[in-house]
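Chemist: Before I ask anything, let me first share the structure, which is written out below as structure tokens.
Just so it is clear, none of the values below were taken in a lab; they were calculated from the coordinates. Note that the structure is a prediction, hence the values are computed from the model and not measured. Glycine also receives a Cβ, built like all others from the backbone with ideal geometry; neighbour counts cover every protein chain displayed.
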């Protein structure tokens, strides 16, 4: 009987005792990652092109109204054209499409026509650039642009951010 009382007393004492303290793990603070810079907004203009012989038809579709719109053209690698700025200081409405017929004379091999549309959209100066390609890009021209010399006569092949 003494044992039974002793066991009951010990059980009661253990059940009333405070639970053992567990170590508290520190919660790590979330890392502060700076937000990436927003992309520079371009002009809300879609540039479509159609090449027919020595003529280029440019369709400029404006998604928003703009003031002081200008279109600049430039040829590369021997491409020549007439007026380098066919539109200057024009206003356009949202949904309007401007059509330009541009006469060009392509250079030998591969050349490009650069198109830059700029204007004031909602009070902000914005621009959009596009390119129209002419001629064939020869395989050897691509290879020569990708190969470099290491200074000792050994060719290096340059890739995206790496040297092979």
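Chemist: Which value in nm describes the separation of the simple spin-label points at residue 32 and residue 67, placed 7 Å from the Cα toward the beta carbon?
Modeler: Those two pseudo-labels are separated by 4.1 nm.
Chemist: Can I ask one more? Tell me the Kirkwood hydrodynamic radius of region 63-125 in angstroms, computed as one over the mean inverse distance between distinct C-alpha pairs.
Modeler: Details: mean 1/r = 0.0776 Å⁻¹.
Every distinct Cα pair counted, the radius reaches 12.9 Å.
Chemist: Then there is this: In nanometres, what is the gap between the two model label sites at residue 76 and residue 96, each 7 Å from Cα along Cα-to-Cβ?
Modeler: Each label point lies 7 Å from its Cα, and together they span 3.0 nm.
Chemist: Can you pull the one-decimal nm distance between simple spin-label points at residue 133 and residue 51, each 7 Å off the Cα toward Cβ?
Modeler: In this crude label model, residue 133 to residue 51 measures out at 0.9 nm.
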